[in-house]
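The block underneath contains the structure these notes are about, expressed in structure tokens.
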Amino acid sequence: MSSSEAEQLAAVVAAEVVPDAPKRAGPLRLKAAVTLPLLFGAAALAYWFMIDDILAEQLVAQAKTYAGEHGEAEVANVRFSIFGPQLRIENLRAWQALPDGTEHEVAYLGEAKLDLEFWALLERAPGGE
């Protein structure tokens, strides 16, 4: 073995023994570290401002349908909380506006606290395909 071959072999062995330097965070990781919190923040704000109004509109629409012909409905307060998951409804009222100008109350719900179980909603029904 010549000295030049020995030097080359020593350089190869030395390169294998030296551990790799720690990798720096690439630009993709930094972009993700900035973008993900912004996306989650935007989703949380949308949830915070819109979900209660959407639920209230749906409750009123269903109560009007339940009241029947000339049915009217209103709800004072609807709050949905994803933490704990819970739905709270206050003063849901449905009535029929009669031709003589009086109101016939069909349904009234003073206050209801509904605890929701998400895992049960995600499971398949027994015998379901």
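The values are calculated or read from the model by the stated rules, or taken from the named source; none is laboratory data. Because the structure is predicted, anything quoted here is derived from the model rather than measured. A quick note on method: Cβ atoms are made from the backbone with ideal geometry, for glycine too, and the neighbour counts reach across all protein chains shown.
Observations, loosely collected:
- There is no residue in region 89-110 that is under 30 Å from Ala46 (Cβ atoms), among the small types (Gly, Ala, Ser) and in a helix (DSSP H, G or I).
- Filter result for Glu69 (closer than 30 Å to Thr102 by Cα, loosely packed, with under 10 Cβ neighbours inside 10 Å and modelled with pLDDT of 85 or more): yes
- Residue count, region 82-129 (criterion: surrounded by 10 or more Cβ atoms within 10 Å (Cβ to Cβ) and in contact with a strand residue (DSSP E or B) (Cβ under 8 Å, 6 or more places away or on another chain)): 27
- Cross-chain or 6+ apart pairs with Cβ under 7 Å, region 100-120 first and within 20 Å of Ser81 (Cα to Cα) and touching a residue at least 12 places away in the same chain (Cβ under 8 Å), then of a type in the set (A, V, I, L, M) and in a strand (DSSP E or B): Leu109/Ile89; Leu109/Leu92; Ala112/Ile89; Leu114/Leu87; Leu116/Leu87
- Qualifying residue in region 35-52 (condition: without any contact (Cβ under 8 Å) to a residue 60 or more places away in the chain, surrounded by 10 or more Cβ atoms within 10 Å (Cβ to Cβ), part of a helix (DSSP H, G or I) and of a type in the set (Asp, Glu)): yes
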